[in-house]
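A.B. asks: Handing you a structure now.
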Amino acid sequence: MSTVLKINNVTKTYNKKLKALDKINLQIKKGEIFALLGPNGAGKSTLINSICGIVNFDSGSITINDLDIIQNYRETRKVVGIVPQELYLEAFETVWNNVNYSRGLYGKSSNHVYIEKLLKELSLWEKKDNKLRELSGGMKRRVLIAKALSHEPKILFLDEPTSSLDKNIENQIIEKLFRIKDLTIIVVSHNK
Ligand code: ADP
Ligand code: MG
């Protein structure tokens, strides 16, 4: 199996004193399902946000499919999808518009058939015309998963995805995600 993600000596310091990442090295292969575990404050979100270009790391390098993520920002950003830890959504927008808009952000042409299938798989289809503020916490989390998959990424990051999902739905969703062909999944969780 080929390596899709390489993290070489990545270091990140916040406010010149808080070392959140200290020379992190990691390699992840295509199709792998990888669990990144650690206590609160260990630097898990900092690491995956660095990979997704949301956090600027200080030194070291990260490559996706052998492309450096800083030099090839646009190409590599398209390959990743992230379900963030925080539930941050546009409250007054509908589920349908929101997920379709996310796809457009990555420069992908619209594909209503794909988005319909995605929303059905995530049991969100009957909520497609609802505004996001009308959804429960678990439904909002599923909208975030739909957004993260809207542009058909090859690597999916789930940052503490289970915090607002009940066990039943969590298992159903994780099972569906695991069945997506060639998708590399990195699940982040705190130690329980
Ligand atoms: P985890 O996701 O493993 O709980 P984080 O990556 O969120 O950990 O945080 C790692 C450390 O970096 C923590 O001490 C946290 O307070 C600090 N940190 C995270 N984000 C910021 C930020 N934007 N500014 C300053 N410090 C931060
Ligand atoms: Mg975190």
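A.B. asks: Compute the relative contact order of the chain as a whole-number percentage, counting only Cα pairs closer than 8 Å that sit 6 or more residues apart in sequence.
C.D. replies: Details: 323 pairs, mean separation 50.9, N = 192.
Rounded, it is 27 percent for the chain.
A.B. asks: Here is a follow-up. Sorted by mean Cβ packing within 10 Å, highest first, what order do the peptides 138-148, 117-127, 28-38, 172-182 take?
C.D. replies: Values: 138-148: 22.4, 117-127: 16.9, 28-38: 14.8, 172-182: 13.1.
Highest to lowest by the protection proxy: 138-148, 117-127, 28-38, 172-182.
A.B. asks: Separate question: Under 22 Å Cα to Cα from LYS167, which lysines show up? Leave out anything in the same chain fewer than 8 places away.
C.D. replies: Reachable lysines: LYS120, LYS127, LYS140, LYS147, LYS176, LYS192.
A.B. asks: Ok, one more. Grab the beta carbon distance between GLN71 and ALA42, set R0 = 22 Å, and tell me the FRET efficiency rounded to 0.05. Working shown, then result.
C.D. replies: Working: r = 28 Å, r/R0 = 1.29.
Computed FRET efficiency for GLN71 and ALA42: 0.20.
A.B. asks: Work out the FRET efficiency for PHE34 and VAL113 from their Cβ-Cβ distance, taking R0 = 30 Å, and round it to the nearest 0.05. Numbers along the way, then the final one.
C.D. replies: Details: r = 30 Å, r/R0 = 1.01.
Efficiency at R0 = 30 Å is approximately 0.50.
A.B. asks: Continuing with the same structure: Leaving out ligands and nucleic acids, and using a 1.4 Å probe, what accessible area per residue does the chain come to in Å²? Could the numbers behind the result be given before it?
C.D. replies: Values: 10560 Å² over 192 residues.
Here the residues of the chain average 55 Å² of exposed surface.
A.B. asks: Of the accessible area of the chain, with the probe set at 1.4 angstrom, what percent is carbon plus sulfur? Walk me through the numbers on the way to the answer.
C.D. replies: On the way: 5220 of 10560 Å².
With neighbouring chains kept in place, the figure for the chain is 49 percent.
A.B. asks: Which ³J(HN,Hα) values in Hz, rounded to whole numbers, follow from the phi angles of the range 93-110 under the Karplus curve 6.51 cos²θ - 1.76 cosθ + 1.60, where θ = phi - 60° and Gly and Pro get x?
C.D. replies: Result, ordered by residue: 9, 7, 4, 4, 4, 4, 6, 5, 4, 4, 4, x, 4, 8, x, 8, 5, 5 Hz.
The values are calculated or read from the model by the stated rules, or taken from the named source; none is laboratory data. Owing to the predicted nature of the structure, the values given are computational and were not obtained by experimental measurement. Virtual Cβ from ideal backbone geometry, glycine too; neighbours counted across all protein chains shown. Accessible surface is based on the protein model in full, side chains and every heavy atom, while ligands, DNA and RNA are left aside. Shrake-Rupley method; radii C 1.70, N 1.55, O 1.52, S 1.80 Å.
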